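Asker: Let me begin by handing over the structure; questions about it come next.
Read the figures in this text as sums done on the coordinates, not as results from a lab. Everything quoted here is computed from the prediction, not taken from an experiment. When we count neighbours, we look across all protein chains shown, and the Cβ atoms used for this are built from the backbone with ideal geometry, even at glycine.
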Amino acid sequence: MLKNAFVTAANGAQGNAIVKQLSNVGLQVFALVREEPQTQRNNVTPIIGDLDNVNNLKEGMKSAEVAVITLPLMFDKQIARTWVDNLIEAIKASDLKQIIFNASGPLPSTFVDVIAVDIKVEAANRLRETGVPITFVATTLYLGNLTAPWTAPAIMNQNVLAYPMPAAQKVAWTSWEVVGSAIVNLIGKIEYTGETIIAAGNESVDGKALSEAFSKQIQQPVQYLPVALADFSAGLSQMMGEVAGSEIGKLYHWLHNDGANYLSDGSNANPESFSYPQASLSEWIAAQDWKTLGANHE
């Protein structure tokens, strides 16, 4: 197994989960962060910087054998291209043995006219051309979205799980920890070069089944409420700006339609030889501090 890993976007929830899991199995991790982390780990070296600075990337990769690359959510194609330019320059100056590209969402083989998705498709295609063995990780929807300040309080205080997906649509919800465990199990596995691994939950549920799982675990009734995309987009625009609100709305519109196939559990898409630890939906819900999540955002 490779011993040294470079991880981008390590300040974010999913990047931090990846760093923790790599650290827990004994890898030395070089974590690209925007600021010094409050909690230090013996085998984690923070690299202060970002994807805009190629020297930061070169520093992070100089002692690494594998790079785990996650791009932050972005809606400007030129900025994303600059990030990938910098990554490629740093990769070519490194001695990397493996790249794992975490799309942190669906990863179609072709462009779908949704900026948030197409940026990842273009990045994957360009990183493939570096010549370093690369494996891709695609995901479904993150359960962490349900802990957000616009979701968790309604679950706890109004008994409503409101989310912008049709009630009848089944989703194999995933978690940051599941994605991290899939990545850990890909480290050093060059036999999966070129493959796209689906890091998803082990059960596909519709809105009713999702709300029932919450009801059972938090011991109070919860009803699923599908949020209209226009309302969802408008709300995000107020919090994140019009571009983000509009583009995330387009992403979810795609997930309602042609993108719906990317929300399955991946059991038919992944190689039979590949497996990774997963917590069930009920186990994930039970592990969260819902009282605090609800109270913090009232």
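Asker: If you average over every viewing direction, what projected area does the convex hull of the Cα atoms of the range 197-239 give, in nm²?
Answerer: Result: a mean projected hull area of 5.0 nm².
Asker: Straight-line reach from residue 77: which lysines fall under 23 Å, measuring Cα to Cα and dropping same-chain residues less than 8 apart?
Answerer: Once the sequence-local lysines are set aside, what remains near residue 77 is 58, 92, 120, 250.
Asker: Another question, if that's okay. Can you give the extra length, in nm with one decimal, that the chain gains between residue 258 and residue 125 once fully stretched, where that is 0.36 nm per residue apart less the Cα-Cα distance?
Answerer: Length gained, residue 258 through residue 125: 45.8 nm.
Asker: If you don't mind, there's one more thing I want to ask. With a sphere of radius 13 Å drawn around the Cβ of residue 15, what net charge do the other residues whose Cβ falls strictly inside it have (Lys, Arg +1; Asp, Glu -1)?
Answerer: Here the charged neighbours net out to 0.
Asker: With just the Cα atoms defining each centre, how far is the range 57-97 from the range 210-278? Give it in Å.
Answerer: 28 Å
Asker: Along Cα→Cβ, 7 Å out, is where each label goes; now give me the distance between the ones at residue 275 and residue 150 in nm to one decimal.
Answerer: Inter-label distance under the simple model: 3.9 nm.
Asker: Could you list 150, 290, 176 so that the one with the fewest beta carbons within 10 Å of its beta carbon is first and the one with the most is last?
Answerer: Lowest count first: 150, 290, 176.
Asker: Please report, in debye to the nearest 20, how large the charge dipole of the range 39-149 is about its Cα centre when each Lys and Arg carries +1 at its beta carbon and each Asp and Glu carries -1 there.
Answerer: 240 debye
Asker: Can you give the local net charge around residue 199? Use residues other than it whose beta-carbon is closer than 11 angstrom to its beta-carbon, Lys and Arg +1, Asp and Glu -1.
Answerer: -2
Asker: Now for a separate question. Rounded, prolate or oblate: pick one for the range 154-233, where a ≥ b ≥ c are the square roots of the eigenvalues of its C-alpha gyration tensor, a/c under 1.5 means rounded, and failing that, prolate if a/b is larger than b/c, else oblate.
Answerer: Prolate is the answer for the range 154-233, as a/c is 1.5 or above and a/b outweighs b/c.
Asker: Mind checking the range 1-110 for GluC sites (Glu not before Pro) that DSSP puts in a loop (not H, G, I, E or B) and that have at most 10 other Cβ atoms within 10 Å?
Answerer: Passing both the DSSP loop test and the Cβ count: 35.
Asker: Now, a different point. Shape of the chain from its Cα gyration tensor (a ≥ b ≥ c, root eigenvalues): rounded if a/c is under 1.5, otherwise prolate when a/b > b/c, or oblate?
Answerer: prolate
Asker: Counting Lys and Arg as +1 and Asp and Glu as -1, each charge on the Cβ, what is the dipole of the range 98-191 about the Cα centre in debye, to the nearest 20?
Answerer: For the range 98-191, the charge dipole is close to 120 debye.
Asker: Moving on. What are the extents of the Cα atoms of the range 145-298 along their three principal axes, in Å, largest first?
Answerer: 48, 37, 27 Å, listed from the longest principal axis down.
Asker: Suppose R0 equals 22 Å. What FRET efficiency, 1/(1 + (r/R0)^6) with r the Cβ-Cβ distance, do residue 289 and residue 77 give to the nearest 0.05?
Answerer: It comes out at approximately 0.05.
Asker: May I ask you to derive the relative contact order of the chain, considering only C-alpha pairs under 8 Å and at least 6 residues apart, and to give it as an integer percent?
Answerer: Normalised by residue count, the contact order of the chain is 17 percent.
Asker: Could you work out the longest stretch of the chain that avoids the trypsin sites (Lys or Arg not before Pro) located in DSSP loops with at most 16 other Cβ atoms within 10 Å?
Answerer: 98-298
Asker: Further question: To the nearest 20 debye, what charge dipole does the range 154-298 have about its Cα centre, counting +1 at the Cβ of each Lys and Arg and -1 at the Cβ of each Asp and Glu?
Answerer: Dipole size: approximately 220 debye.
Asker: So, one more: Starting from the Cα-Cα distance between residue 208 and residue 63, subtract it from 0.36 nm times their residue separation and give me the gain in nm to one decimal.
Answerer: 47.4 nm
Asker: On to the next question. May I ask for the distance between the Cα centers of the range 1-41 and the range 101-161, given as a whole number of Å?
Answerer: The two parts, judged by their Cα centres, are 19 Å apart.
Asker: Which whole-Hz couplings ³J(HN,Hα) result when phi for each residue of the range 95-105 is put into the Karplus expression 6.51 cos²θ - 1.76 cosθ + 1.60, θ = phi - 60°, listed in order with x for Gly and Pro?
Answerer: So the Karplus estimates, Gly and Pro as x, are 10, 4, 9, 7, 10, 10, 9, 8, 6, 6, x Hz.
Asker: Among 140, 152, 205, whose Cα sits farthest toward the positive end of the charge dipole of the range 98-209 (+1 at Cβ of Lys/Arg, -1 at Cβ of Asp/Glu, about the Cα centre)?
Answerer: 152
Asker: In addition: When you have a sec, figure out the Kirkwood radius of the range 90-220 from all distinct Cα pair distances and drop it here in Å to one decimal?
Answerer: The answer is 16.7 Å.
Asker: Now for a separate question. What is the Rg over Rh value, at two decimals, for the range 212-291, using alpha-carbon atoms and the Kirkwood definition of Rh?
Answerer: That ratio equals 1.07.
Asker: Residue 216: which lysines have alpha carbons under 27 Å from its alpha carbon, excluding same-chain residues fewer than 8 sequence positions away?
Answerer: Leaving aside lysines fewer than 8 places away in the same chain, those within reach of residue 216 are 170, 208, 291.
Asker: Between residue 113 and residue 158, with labels modelled 7 Å along Cα→Cβ, what's the label distance in nm to one decimal, could you check?
Answerer: Rounded to a tenth, the inter-label distance reads 3.4 nm.
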